[in-house]
Amino acid sequence: MIIFMIQYLYYFMVFKNRMLALSNKKYFPFKIFVTFIFLGLFFSNSLFAQQKYSISGVVQDAANGEELIGATLTIKEANTGVATNEYGFFSITLPQGEYTLIVSYLGYKEFTQVVSLNANQKLNIDLSPESTQLKEVVVSSEKVDKNVREVQMSVAQIDIKQIRKIPALLGEVDVVRSVQLLPGVSTVGEGATGFNVRGGNIDQNLILIDEAPVYNSAHLFGFFSVFNPDAVKDVKLIKGGIPANYGGRLSSILDVRLKDGNSKKFAVKGGLGLIFSRLALEGPINKGKGSYVIAGRRSYVDVVGKPFLTGAFEGLKAYFYDVTAKANYSLGAKDKIYLSGYLGRDVFGSGFQFNWGSANTSFRWNHIFNNKLFMNVTSFYSNYDYRLGTINTTTGGDGFEWKSNIINTSIKPDFTWYLNPKNTVTFGFQSLYYNFKPGTAKVTVQNQESFITLPDKYGLENALYAANEQTVNDKLSLQYGLRFSSFSFLGPSKSYQFRDNDLGDRKSFVSVTNHSWGENIKTYYNFEPRLSAKYQLNEASAIKTSYNRTVQYIHLVSNTAASVPLDVWTPSTNNIKPQYADQVALGYFRNFGQNNDYETSIEGYYKKMGNQLEYVDEADLLLNEFLEGDLLSGKGRAYGLELYLKKNTGRFTGWISYTLSKTERQTNGVNRNEWYNSRFDRPHNLNVVASYDLTERISVSANVIFASGTPITLQTDKYIYEGMPVAHDATMRRNNYRIPNTYRLDLSATYKCKKIEGRKYTWDIVFAVYNATNRRNPFSIFRKASDPDFNFVGPNDTNIKVPNQTANIRYSIIGSIIPAITYNFSF
């Protein structure tokens, strides 16, 4: 702890000195912003100088001991409250007196207790799950009003129970596909890796699993996510108004929290599907002082399909596996430790294979200094590697193997100070060390091996942050903070110098400089202010606004239609500047119904982005030592309107989301220096998610998805070369065409076993139909020239040979109905 405090003081002094050094007028607004923070804290604390005491503790699930994230605690007499943090911890400070404490959480029975507050008290609360008796209207004990009460906007929190109801590909519950159904979130097409948020690229999303980063969130090229639903407890997506304790990405935060494990009893959960099966074990450690959960999955397409794989497909490997594990242990009343880990890998191919995987582990320590000060220290290790080639080369044969890695480690002490009922302060710092391995290749020709190795790149990212959530009065609440970040491109490595040519052309190589270990090659500093405000119109409605600046120091290098797991990551260097974005948002939030059964919101946003990567024509991105000479720097803008309607209670639940948006880029030397649509621009995006409980044992669900087609670049004319047509674009326009719209209907039905008192074994069967309308949604379109062996399909499915012609070929990933059945069990 002493080491952490010394390091914290060191970064604080660096921050203070940096602030003093930036005393010119350019940084004057930041100085005013910081002054506003500290003055606000000083005066708000002075107003609460009377005798006060605190109630603090943890809210847990009474059935399994899981800590409940975001449970609401309300003090009836004081008309104030607080929500539990990511570890179920809460603290409320009040003047001496008697109060009624009300604790609520969706799907749980409300807890009420009268507290006589004449000294600091610790109160751990167990909430019992509600019974699921079927009625025409099921009234939850909790009024779902967090969306209008909380200051933060542009946030979607999805419970894993909601995710399980959503129809999914091959009947398998999927976290990332569920996120894609939210407003402001899109993807370039079926089977694409990752997702896009408010005009950002997929690398601009910070995806966390128990606070450790995930660089590739997909299995099987985007068809399934890496998150095992049996191990996931909570999923939260932050699209705007990003708090100061998050950084390193421009567009969003996807914070996935794993289950702690059942601390009451041993339990087993699993499922058998057509593509893969899964199994999860959880139970207590040392009589409930801790708990664990371990969950694994393995696909078996290669096993069941082996008898049918002949010819070119003989020996095909197409599988993935992952293991997710977590354990926690209480060291006493004030200390608790957590250890989480993830290991996963994909293999695809026959003689030539694609192979990628991740290994993550995070260690966290919770410490309660007193009733007001909570600390969490997180340290993680992450290793994402990706490779391709002929893995097994026969004697005397030719072969090729390529491998690349990104490895990073981090430490992050984070403090929450519950100053008084009107102010909650968060502060801390984070330090991340990166090791980029751009590529090592082995080429085998006639049993002679040669190697191509690109130099490693190293980087150190540091951030110091502080923020305060303040209730100004009954109507107005604020959340303001500041993040100061830096990134250093370090040795041992090489730095390259280039000479600019004509706009849009490849830069000319000039020289290279070798740098020793730890040498500072280039350092960047950035201020990232964050501000959110909420004005409460009445109990059921509020207006919110937010502004945030975000900075990103690492980049995904990819010029394909959709990013693939083999795309290369690179840090900011002397040639590649950090990306940055400024986003403002304004929204109206309203609840309807007797018990706030309906939740609605309308949000508008505008985002401006700088230093966005673009590429020269025919850029060489793989194993190119002079890659930085093929990169261009541009700017982007995105703006839109998001509509959201959600029904939380009753037999019929679900939501409707609609996004009207525009996403553009501008790069000198590209598209005649004019603005053009980005590759993931979808003006219209409509998602309907619905679930209906027919009986206590039978429920049905459906998804309806409609989205505008994404832009692509197609040639506008052709010329004849040696008797063959060659496509050509004389206009030099980028993304000049848009593929047809996407539409899909998914259906599912769940049949549960009959509940018998005393029986521990339960099961359910999920029947699912993906793409129920049998639609071939286009993923991309490419132009192909005719040749003597190429036939175009004409009327009545006749083959027509057309000499010296070109045709646009529509490519679809999924072109048929995909039925599935999954058997889930638990005991």
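Things to note:
- Within region 536-573, the residues that satisfy the criterion of being open to solvent by less than 10 Å² (accessible area, probe 1.4 Å), β-branched (V, I, T) and at pLDDT 95 or above are T550, V551, I554, T573.
- Test: residue in region 735-752 that is surrounded by fewer than 21 Cβ atoms within 10 Å (Cβ to Cβ), in contact with a helix residue (DSSP H, G or I) (Cβ under 9 Å, 6 or more places away or on another chain) and at pLDDT below 90: yes
- Residue selected from region 640-653 under the condition in contact (Cβ under 8 Å) with a residue 60 or more places away in the chain and buried (at least 17 other Cβ atoms within 10 Å of the Cβ), by the criterion farthest from P183 (Cα to Cα): G650
- Single condition Y433 does not satisfy, out of (1) open to solvent by less than 30 Å² (accessible area, probe 1.4 Å); (2) at pLDDT 90 or above: (1)
- Pair list, Cβ under 6 Å, 6 or more apart: region 402-414 residue closer than 15 Å to Y553 by Cα, other residue of a type outside the set (F, W, Y) and open to solvent by less than 10 Å² (accessible area, probe 1.4 Å): N408/S382
- Boolean, T409 is open to solvent by 50 Å² or more (accessible area, probe 1.4 Å), assigned to a strand (DSSP E or B) and either in contact with a Cys (Cβ under 9 Å, 6 or more places away or on another chain) or modelled with pLDDT of 95 or more (or both): yes
- Matching residues, region 456-489, being within 30 Å of F352 (Cα to Cα) and either surrounded by 18 or more Cβ atoms within 10 Å (Cβ to Cβ) or touching a Cys at 6+ places or on another chain (Cβ under 8 Å) (or both): K457
- Scanning region 601-613 for residues being more than 14 Å from R198 (Cβ to Cβ) and open to solvent by 30 Å² or more (accessible area, probe 1.4 Å) gives a total of 3.
- Within the span defined as region 524-535, one or more residues are among the polar types (S, T, N, Q), more than 27 Å from D456 (Cα to Cα), under 31 Å from the mean Cα position of the chain (by Cα) and at pLDDT 95 or above.
- Of the residues making up region 144-164, just one is on the phi < 0 side of the Ramachandran plot, assigned to a loop (DSSP other than H, G, I, E, B) and crowded, with 23+ Cβ neighbours inside 10 Å, namely M153.
- Residue list for region 441-473, filter: within 30 Å of I92 (Cβ to Cβ) and out of contact with any strand residue (DSSP E or B) (no Cβ under 7 Å at 6 or more places or on another chain): N473
- Some residue of region 580-587 being closer than 22 Å to G629 by Cβ, within 26 Å of the chain's Cα centre (by Cα), at pLDDT 95 or above and open to solvent by 30 Å² or more (accessible area, probe 1.4 Å): no
- Residues that are outside any strand (DSSP E or B) and aliphatic (A, V, I, L, M), drawn from region 512-551: A540
- Among (1) surrounded by fewer than 18 Cβ atoms within 10 Å (Cβ to Cβ); (2) more than 20 Å from the chain's Cα centre (by Cα); (3) outside any loop (DSSP other than H, G, I, E, B); (4) at pLDDT 95 or above - the single one F509 does not satisfy: (4)
- Positions within region 355-373 being open to solvent by less than 30 Å² (accessible area, probe 1.4 Å), of a type in the set (S, T, N, Q) and over 27 Å from E401 (Cβ atoms), in sequence order: S362, N366
- Of the residues D474, D502, the single one that is touching a residue at least 60 places away in the same chain (Cβ under 8 Å), under 30 Å from E150 (Cα atoms) and not in a strand (DSSP E or B) is D474.
- Failed condition for S633, given (1) free of Cβ contacts under 8 Å to residues at least 40 places away in the same chain; (2) open to solvent by 70 Å² or more (accessible area, probe 1.4 Å): (1)
- Among the strands (runs of 3 or more DSSP E) confined to region 316-378, the ones with at least 2 residues that are among the polar types (S, T, N, Q) are located at 317-330, 353-368.
- Check on K412, basic (K, R) and under 27 Å from S56 (Cβ atoms): yes
- If you go through region 95-111 and keep only what is under 20 Å from R149 (Cα atoms) and either open to solvent by 20 Å² or more (accessible area, probe 1.4 Å) or in contact (Cβ under 8 Å) with a residue 40 or more places away in the chain (or both), you end up with T100, L101, I102, V103, Y105, L106, G107, Y108, E110, F111.
- In region 436-455, the residue that is most open to solvent (accessible area, probe 1.4 Å) out of those that are of a type in the set (A, V, I, L, M, F, W, C) and assigned to a strand (DSSP E or B) is F451.
- Region 195-207, residues that are under 29 Å from T822 (Cβ atoms), open to solvent by less than 10 Å² (accessible area, probe 1.4 Å) and touching a residue at least 60 places away in the same chain (Cβ under 8 Å): N196
- Restricting region 685-706 to residues that are in contact (Cβ under 8 Å) with a residue 40 or more places away in the chain and under 14 Å from Q180 (Cα atoms), the residue that is most open to solvent (accessible area, probe 1.4 Å) is V704.
- When region 663-674 is limited to residues that are touching a strand residue (DSSP E or B) at 6+ places or on another chain (Cβ under 8 Å) and surrounded by 16 or more Cβ atoms within 10 Å (Cβ to Cβ), the one that is farthest from Y588 (Cα to Cα) turns out to be G669.
- Scanning region 240-272 for residues that are in a loop (DSSP other than H, G, I, E, B) and open to solvent by 10 Å² or more (accessible area, probe 1.4 Å) yields a total of 11.
- Number of residues in region 275-297 that are in a loop (DSSP other than H, G, I, E, B) and crowded, with 17+ Cβ neighbours inside 10 Å equals 1.
The values are calculated or read from the model by the stated rules, or taken from the named source; none is laboratory data. The structure presented is a predicted model; accordingly, all values stated were derived computationally and were not measured. Heads up, the Cβs are rebuilt from the backbone with ideal geometry, glycines too, and the neighbour counts pull from every protein chain shown. Accessible surface areas use protein heavy atoms only, side chains included; no ligands, DNA or RNA. Shrake-Rupley method; radii C 1.70, N 1.55, O 1.52, S 1.80 Å.
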